[in-house]
Amino acid sequence: MSNPVSRRKFLGHAGAAATLPSWSTLFRGNLQNFDPSSTRPSESPGTPDRIVDMHVHFDEKNPNFISDLLRLSDRLNLTACVLTPFANRKTVLDAAKQHPAQIIPFGFVDLDAPDVVKQVEELHAMGYRGLGEMEFVKKPYNDPSYFPVYELANRYGWIVLFHTGIVLRRKFDEPEDVASGRMRPIYLEEIARRFPKITVLGAHCGNPEYEWAAEIARWNPNVFFDLSGSTLTKMQARLADFQKIFWWSNTEWQSPEWKVKTPDGDTSAFIKIVFGSDNGLDGIAPVIKQYHALFDACGVPEHARKMIMGGTLSRMLGLSDGR
Ligand SMILES: [Zn+2]
């Protein structure tokens, strides 16, 4: 979450649904059958590897956000999952329809909003591909009052991106009802198990509860994490420590999703990570460098690197260059 104050002020503005069934059908992936370790080769061998960024917040303060993003997308060969405040849903949907290889629309909703279920239904009818980033919740993520939203996401087979771990403080001189403890990665385990058709994606790898995040990812095929936020900066002098956290590469202690080996034979634990920047458009390229530094420090195999930087999300989202 890069700019929560400005993003959150848009929450709760419901509007009329615009239904675009043909488009939404075309771009709705089939997550139920997703297998990150299957041995499907690249569908487009000649296509350079595309980066898929799970964590790009729509910036309503930048009137040129879409054109700036498209330019960056061309330069970096990047597809952005754009986390879109409800009030901006039509703007981003229209851009995604025009540029489906570059913009994937995700709906940013407030789980505590009284009309959140209605908002989620509308986003689905419009053709949105998932939800995120969930954050600033009033109760822990596994509170039953949030289940109606998860039930819908489960029915839709959606990806849902949850903030996990430490969260910034927006107000220093007045009370605020915000607590990192409600967004611990351990809560994602229950959501993933109760709602197995949701792909549960935790942002920030639980910072600093990396071990819990990784262990939950290990036993739950539908759980993944991004490494956006301060983690890769904080850990830059000890990136190899991530080998102790994602420790189960090439061991028998793997969840069933690793039983099928990847084309180059790796069963890397790091395949549970996906690329996410959460750093503004200007900050995406530096985060790409940070991910590569992590790969080098941990000796992440080539195939796993490709899956992390775009292959896994391409396959989940049904993009043409999924590999
Ligand atoms: Zn976040």
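Evaluation of Leu227 against the conditions (1) over 18 Å from Ile186 (Cα atoms); (2) within 16 Å of the ligand (Cβ to nearest atom) shows that the sole unmet condition is (1).
In the set (1) in contact with a Ser or Thr (Cβ under 7 Å, 6 or more places away or on another chain); (2) within 16 Å of the ligand (Cβ to nearest atom), the condition left unmet by Ala125 is number (2). Checked across the stretch 203-218, the condition of being at pLDDT 95 or above, within 17 Å of the chain's Cα centre (by Cα) and either assigned to a loop (DSSP other than H, G, I, E, B) or surrounded by fewer than 19 Cβ atoms within 10 Å (Cβ to Cβ) (or both) holds for at least one residue.
Out of everything in the stretch 96-121 that is more than 22 Å from Leu201 (Cβ to Cβ) and part of a helix (DSSP H, G or I), what residue ends up being nearest to the chain's Cα centre (by Cα)? Out of the qualifying residues, it is Lys97.
Does the stretch 137-153 contain any residue that is touching a residue at least 60 places away in the same chain (Cβ under 8 Å) and either away from the ligand (no atom under 16 Å from the Cβ) or not polar (S, T, N, Q) (or both)? Checked against the condition, which is being touching a residue at least 60 places away in the same chain (Cβ under 8 Å) and either away from the ligand (no atom under 16 Å from the Cβ) or not polar (S, T, N, Q) (or both), the stretch 137-153 yields no hits at all. In the stretch 279-303, the residues that are modelled with pLDDT under 95 form Cβ pairs under 7 Å with partners that are of a type in the set (Asp, Glu) and open to solvent by 10 Å² or more (accessible area, probe 1.4 Å), at six or more places apart or across chains, as follows: Pro301/Asp264; Pro301/Asp266; Glu302/Asp264; His303/Asp264; His303/Asp266.
From the list Thr84, Thr79, the lone residue that is over 19 Å from Asp110 (Cα atoms), of a type in the set (Ser, Thr, Tyr) and crowded, with 23+ Cβ neighbours inside 10 Å is Thr79.
The lone criterion from (1) exposed (fewer than 13 other Cβ atoms within 10 Å of the Cβ); (2) modelled with pLDDT of 95 or more; (3) of a type in the set (S, T, N, Q) left unmet by Thr251 is number (2). In the stretch 162-180, the qualifying residues are those that are of a type in the set (Asp, Glu) and exposed (fewer than 10 other Cβ atoms within 10 Å of the Cβ), and the one that is farthest from Pro140 (Cα to Cα) is Asp173.
The values are calculated or read from the model by the stated rules, or taken from the named source; none is laboratory data. All of these numbers come straight from a predicted model, not from anything done at the bench. For neighbour counting, all protein chains shown are included, and Cβ atoms are generated from backbone atoms with ideal geometry for every residue, glycine included. These accessible areas exclude ligands, DNA and RNA; they are computed on the full protein's heavy atoms, side chains included. Shrake-Rupley method; radii C 1.70, N 1.55, O 1.52, S 1.80 Å.
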